[in-house]
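Accompanying notes for the structure given below.
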Amino acid sequence: MLHRLQPLIQPQLQRLAHPRALAWLGLGLLTAVAVGGAGHWAERRELQAKTAELHQAAEVYSLALRGVAERYDYLPYAAARHPEVLALLAQPDLPQRRQQVNRYFEDLRGRTDSAALYVMDLNGQALAASNWATPNSFVGQSYRQRPYFEQASQGVRNTFYGVGLTTGAPGLFIAEPVRQQGVVRGVVAVKVGLDELSRAWAKAAAPVLLQDSRGIVFLSSEPDWLYRSSRPLSPEDLAWLARHEQYGPPQTQTYPALPWRLERSADLAEYRLHTRQGGRQRELLALDTPLPELGWTLTVSTDLAEVDQARHQALALATLGAAVLLLAALGWQQRERRFAEQRQARQELELRVQERTRDLQLAHAFRKAMEDSLLVGMRARNREGRIIYVNPALCEMVGYRVDELLGCLPPYPYWHPDELDRHQRDSEAALQGRAAPQGFESRIRHRDGHDVITMVYTAPLIDEQGQHLGWMSSVVDITAQRQAEQRQREQALQLQRSARLASLGEMASTLAHELNQPLMALSNFALAAQTLARQGPPELLQSALGDIVAQARRAGEIVQRVRGLIRPQGGQHQACDLAQVVERVQGLLQAELAAAPLQLDRAALAALPPVRGDRLLLEQLLINLLQNALQATEHLPAARRALELSAGVQGEQVELCVADHGPGVSAALREQVFNPFFSTKADGLGLGLNICRTLVEAHGGQLGVRGRDDGQAGAVFFFTLPLMALAPPEHPEPLTPAST
């Protein structure tokens, strides 16, 4: 055989020994090395691209998962602080409470597109749920065994993914403890379905899956991998899963191992994953991304078939050698041109980004300059009430720096210590969207200690995507306006007092002037009578005594005329409507009542039967009592100066009460205050209440004083009047000078 092949092999060996052949052989070797290098380079390049794509996909899927969790993160927090939920936990046996919370949860679920929302007592029983009207309602079901309930009932807010005990549908559970006065009273949970996320993953070209802390796959684009474990489970893990039925009853889940074979490198986060999928063997490049806030691990992968394909294509292209050198050069030129165009496009994009950044900076500077020039305070809060923005005007108004206010939750440092309850109510109303559109008045405390009166207007804070982020409030300082109004009221009161003093001085001057002449005449006639009594004729003595009597009558008439100017006349009794009397008194005391508003039940006054009396005397009586109440409360803050006037029928009498929040009248002084010339005021004459009692008794009624029924500080002056049919028909005696 060899001797037959020798004639054929010999020429080939001779050709190989030729220098040109050696050159071609060297060129062939170089070509082979170049082809191998090209294949290796193509493989590494495609692998790097796949690795970058894998990291980008992991970041996108992680953001999507966190977005789903954060989208519904506020729901249980808000529901746990809702007044109706707190009322239900306080009175769980009231059907009306349960129905109110059922309706509230149903409406909240429809607004937020969550799977379900429900509240449980400390025994784990669901009291109310958003699906209360469905066959698979949570109401009445016990979830005591669920981990999210166990942690939330101990005051720890948590998340949990598992299969529902009632519906059998998996979902993400977010649980929030419900606290009242710092004590956990129940648990509010929201169930969020991840079906939309699972459907999106099903369209992925390569498998995407989620593992819990035990390595069990609970969400996957590959259905065959669900509820399989990436590592062996310990007996403790299996017992925990069976007890809590996280992924269904223990008899339905065995958690077999995943059909994987892994190849890891110590210096790389990525690893190769060999598995069988869809009846064929696949090699994947996978990356694990921990999600510590959820206790999960996200695994994304990409197919390595494209890497092998790239290597094969590079080898095929390199084998063409010199024959395709020109095409390779042209391809390189086109590639470089495309890269140049991309670089140019990237530079243009960067230039546009820089221009846009400058525009945004200019707009931000313009907005900041505009906000800094405002005299109105601006404050932005998120939906939890945390301050996220304040402008310089508000900082100047309250005396605190921006860094001292940002991040604050109620109670805020500038809240007035005397009105913390009112501030808390106004803040909760604003955060729940119930702030008055016309604004509300609020008294705050500056850092240096002085009070600031403000008007607060609140509106929703909406971002560019229409999402409700919180609330924006504008705060207007109206301290100067309120002080001017107070000065105006005080000036009006001072003018009224001056007018009354002037009238009193005028009447006193008139009385002194008119009485001067008859008194001088009386003195002269008395001296003359004294002389005539000793030595004069009886006729002259009789005449002098007659003149004395005449002058005495003249003095009495003068006193009676002036007295008629300073007190109403008696004997003018008729049917009186007490509602009209109160309305008339309000008009006369309009200026005084501006600083201390009068609270009265007009419907109760209008329903009172008529009484028999003198309308002018009753008006004077009510004026005296209201003025005494105003004087008793003039040292109090504006919010506590309110007076209450109430009325009602007591048997056969009508009773009117005037209540204030002043210092009150002690039990030891409740009878002495009606005595003449007894007064608790430094400049008082002690006649006002005595005159009031005389007026009431002249109408057949009684006047008294007692403490407030609600236990607060203050006094209640009350008087009774007989009904029209029971009042005495005769005219009461007019007030005597001694009584006045």
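The values are calculated or read from the model by the stated rules, or taken from the named source; none is laboratory data. All figures in this text were calculated on a predicted structure; none of them were measured in a lab. Note: ideal-geometry Cβ built from the backbone for every residue, glycine included; neighbour counts use all protein chains shown.
Scan segment 105-123 residue by residue and report those that are crowded, with 19+ Cβ neighbours inside 10 Å and either over 19 Å from GLY193 (Cβ atoms) or among the small types (Gly, Ala, Ser) (or both).
SER114, ALA115, ALA116, VAL119, MET120, listed by residue number.
Is one or more of the residues making up segment 448-461 surrounded by 13 or more Cβ atoms within 10 Å (Cβ to Cβ), farther than 28 Å from GLU592 by Cα and in contact (Cβ under 8 Å) with a residue 60 or more places away in the chain?
Yes; the residues of segment 448-461 include at least one that is surrounded by 13 or more Cβ atoms within 10 Å (Cβ to Cβ), farther than 28 Å from GLU592 by Cα and in contact (Cβ under 8 Å) with a residue 60 or more places away in the chain.
For HIS416, state whether it is within 27 Å of ALA480 (Cβ to Cβ) and in contact with a Phe, Trp or Tyr (Cβ under 9 Å, 6 or more places away or on another chain).
So HIS416 fails the test.
Here is a list of conditions, (1) surrounded by 14 or more Cβ atoms within 10 Å (Cβ to Cβ); (2) within 30 Å of THR297 (Cα to Cα), and ALA42 meets all of them except one; can you say which number that is?
Single failed check for ALA42: (2).
Name the helices (runs of 4 or more DSSP H) wholly within segment 69-161 that hold at least 2 residues that are among the β-branched types (Val, Ile, Thr)?
95-112
Would you confirm, using the coordinates I've provided, whether GLU283 is surrounded by fewer than 14 Cβ atoms within 10 Å (Cβ to Cβ), assigned by TED's automatic domain parsing to the domain that holds PRO207, touching a residue at least 12 places away in the same chain (Cβ under 8 Å) and among the charged types (D, E, K, R)?
Criteria not met by GLU283.
Since GLU43 meets every condition but one in (1) under 27 Å from LEU285 (Cβ atoms); (2) in the same structural domain as GLY162 (by TED's automatic domain parsing), which condition does it not meet?
(2)
I'd like to know if segment 160-176 contains one or more residues that are in contact with a Ser or Thr (Cβ under 7 Å, 6 or more places away or on another chain) and in contact (Cβ under 8 Å) with a residue 60 or more places away in the chain.
yes
Where residues in segment 686-740 are acidic (Asp, Glu) and over 53 Å from the mean Cα position of the chain (by Cα), which of them is modelled with the lowest pLDDT?
GLU733
Would you check if there is a residue in segment 490-504 being part of a helix (DSSP H, G or I), exposed (fewer than 14 other Cβ atoms within 10 Å of the Cβ) and modelled with pLDDT of 80 or more?
Looking through segment 490-504, at least one residue is part of a helix (DSSP H, G or I), exposed (fewer than 14 other Cβ atoms within 10 Å of the Cβ) and modelled with pLDDT of 80 or more.
Would you call LEU522 in a helix (DSSP H, G or I) and at pLDDT 65 or above? Spell out how you get there, then give the answer.
Details: in a helix (DSSP H, G or I): yes; at pLDDT 65 or above: yes.
Yes: the conditions hold for LEU522.
Going by the structure shown, is PRO437 part of a loop (DSSP other than H, G, I, E, B), within 28 Å of HIS82 (Cβ to Cβ) and either aromatic (Phe, Trp, Tyr) or at pLDDT 90 or above (or both)? Step through it out loud before you land on a result.
Values: part of a loop (DSSP other than H, G, I, E, B): yes; within 28 Å of HIS82 (Cβ to Cβ): yes; either aromatic (Phe, Trp, Tyr) or at pLDDT 90 or above (or both): no.
Spelling it out, it is not the case that PRO437 is part of a loop (DSSP other than H, G, I, E, B), within 28 Å of HIS82 (Cβ to Cβ) and either aromatic (Phe, Trp, Tyr) or at pLDDT 90 or above (or both).
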